[in-house]
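Below you'll find the structure, written out as structure tokens, and then a few comments.
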């Protein structure tokens, strides 16, 4: 093979792969480069040695082709492996005991390499050809490679002209490399398996719905987080600060949605540590100053993440229990994926001003047989995100915000995220474990209807969100009840109530959304919603008319909130073929009488036993 012109001045360092790996001594700890920059030619040459050096251990993060397999998928490696991530490359080797999984944040590994707690004797990496100044780029995988190069006594680099030159802090001088091995051929490419199915689409839409304009995103490698990017096409000025980037960001760049204009740090730049994608992404990265690659310990620094305003982290999990404990690197006792930098991004996003830490998963296992929402995590399912640090959890059945919530509130919210066929069992177990009271009910067996949410602007110019009520709204409705005057409570309930029991509060929000429907008006962000209004109706199947009732915070009365809730409920009821509304109102409550009559051309009013019955047909 003719030398690449850039290698001629470094000819003394040029070697073949087989000659280079023969320099590896017995007992060495050999780091193998990451992801799409896995130095497969060097690994293949090491595996091909007829007399392999004894007690060699290969150390790596995410790899592609670092572990050879036979036609039946069995690992055939001659060496032991130590991996910080259990991807498809090493999963079978871990299961068979041929590889060890180290559950540690990828952001913590470089420091351990530096101080020798994770010893590295040899680094096998892949780089670009050197430039005229003698520098090479680590290309699409900076992550922990720079730390491994610094720690290693012997550095062997594949030199691949197809490797893109990434900008930022990815360059190292050729003097840090002992042997240069020219290779030809395309870069490793990775394409996410299609994230098909209604459940995945619904989760992706939920996630997209809680990402605001101007947010800075970290999107994990999971299929669902990457699918969520497809639904951000109506957002503006998003930024990227992520341990990894994939092809999923390209459409957002092409459409001008990712600009980074509102980032706090590295404004206008896409900050990342490694890329996992296709040639299309690599061509975009090549010498493009828009991309800023840094070592993983810098990208995933907790304080750096937290300092980024509106930082949003989206990662995928395998299971969550009713207290909010999350497992994302094990399932039914087997190891999958790893911690990566999930802990730093989850904590950092939750501390960011306007930030959001989102955990997502389908409600059931892929075969639909098991629930991913558990009463308790099972034996063999480790906690990767503690319940005290969990903020958002999203499944195809809705969104739960858990941070700062009690065990009861968490359990109720998470049960509603489970598949309906598992909810009765989960409620039963929650009662058995003492998480919820015995009188806790379960009425709604549907997915949360995010499409039924509406933003409304009231007469005073203030905006509110009208959304379907769910069981976790009980405390908010109870707080609304106590803001109302004694007279307003009497006109609403026809009783001199001093308090709302849990059963009564559930009656106002924990409904089936078919014959029993409730909406709440909320102000503030999702993380800190305040219920300022509640409206509900209960259908009488014999008449196909629904009885309505309302509660409005006194400070919001006179703003048109009651009318907005009435219109929203009427819209919802009409779509379900209901004939009209009926209301029972005490004489003198002119405001509610006018509200009951509004929006209908056919109204019948009757006074029966000092109660006014209003029937308004649609």
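Bear in mind that the values in this text are calculations on the coordinates, not laboratory data. This one's a predicted model, so the numbers in the text were calculated from it and none came from an experiment. Counting neighbours? That spans all protein chains shown, and the Cβs are built from the backbone with ideal geometry, glycine included.
Numerical summary
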{"item": "The chain: calculated mean residue ellipticity at 222 nm from DSSP helix runs of at least 4, using -39500 (n - 2.57)", "result": "-6500 deg cm²/dmol"}
{"item": "Fraction of beta bridges assigned by DSSP in the chain that are antiparallel (%, nearest 5)", "result": "50 percent"}
{"item": "Helix axis angle, 342-351 relative to the chain longest principal axis, alpha carbon, degrees", "result": "50 degrees"}
{"item": "FRET E, pair residue 557, residue 150, Förster distance 56 Å, beta-carbon r, rounded to 0.05", "result": "0.25"}
{"item": "Principal axis dimensions, largest first and in whole angstrom, of the stretch 86-175 by Cα", "result": "46, 29, 23"}
{"item": "Between 0 and 90°, nearest 10: helix 474-483 axis offset from the chain longest Cα axis", "result": "50 degrees"}
{"item": "For the stretch 235-384, alpha-carbon Rg relative to the globular expectation (2.2 N^0.38 Å, N residues)", "result": "1.15"}
{"item": "Mean Cα-pair separation over length for the chain, i.e. relative contact order, pairs under 8 Å, 6 or more apart, %", "result": "8 percent"}
{"item": "Degrees between helix 423-432 axis and first principal axis of the chain (Cα, 0 to 90, nearest 10)", "result": "90 degrees"}
{"item": "Among beta bridges that DSSP assigns inside the stretch 5-182, antiparallel share in %, nearest 5", "result": "15 percent"}
{"item": "Solvent-free Debye scattering, log10 I(q)/I(0), computed from the Cα coordinates of the stretch 579-618 at q = 0.18, 0.26 Å⁻¹", "result": "-0.41, -0.81"}
{"item": "Kirkwood-Stokes translational diffusion coefficient of the chain, alpha-carbon pairs, 37 °C, 0.692 mPa s, µm²/s", "result": "121 µm²/s"}
{"item": "Distant alpha-carbon pairs in the stretch 5-182 (separation over 29 angstrom), percent", "result": "15 percent"}
{"item": "Added length on full extension, which subtracts the Cα-Cα distance from 0.36 nm per residue, residue 574 to residue 452", "result": "42.6 nm"}
{"item": "Scaled radius of gyration (Cα, divided by 2.2 N^0.38 Å) that the stretch 383-523 gives", "result": "1.12"}
{"item": "Separation in nanometres of the label points that stand 7 Å from Cα toward Cβ, at residue 421 and residue 528", "result": "4.2 nm"}
{"item": "Fewest-first sequence of 399, 104 by Cβ atoms within 10 Å of each Cβ", "result": "104, 399"}
{"item": "Taking the stretch 5-182 and dividing mean pair separation by its residue count, relative contact order in percent (alpha carbons under 8 Å, at least six apart)", "result": "24 percent"}
{"item": "Taking the stretch 225-352 and dividing mean pair separation by its residue count, relative contact order in percent (alpha carbons under 8 Å, at least six apart)", "result": "21 percent"}
{"item": "Projected label distance in nm at residue 494 and residue 597, using a 7 Å step from Cα toward the beta-carbon", "result": "2.1 nm"}
{"item": "D_trans [Stokes-Einstein, Kirkwood Rh over alpha-carbon pairs] for the stretch 454-617, 4 °C, 1.567 mPa s, µm² s⁻¹", "result": "81 µm²/s"}
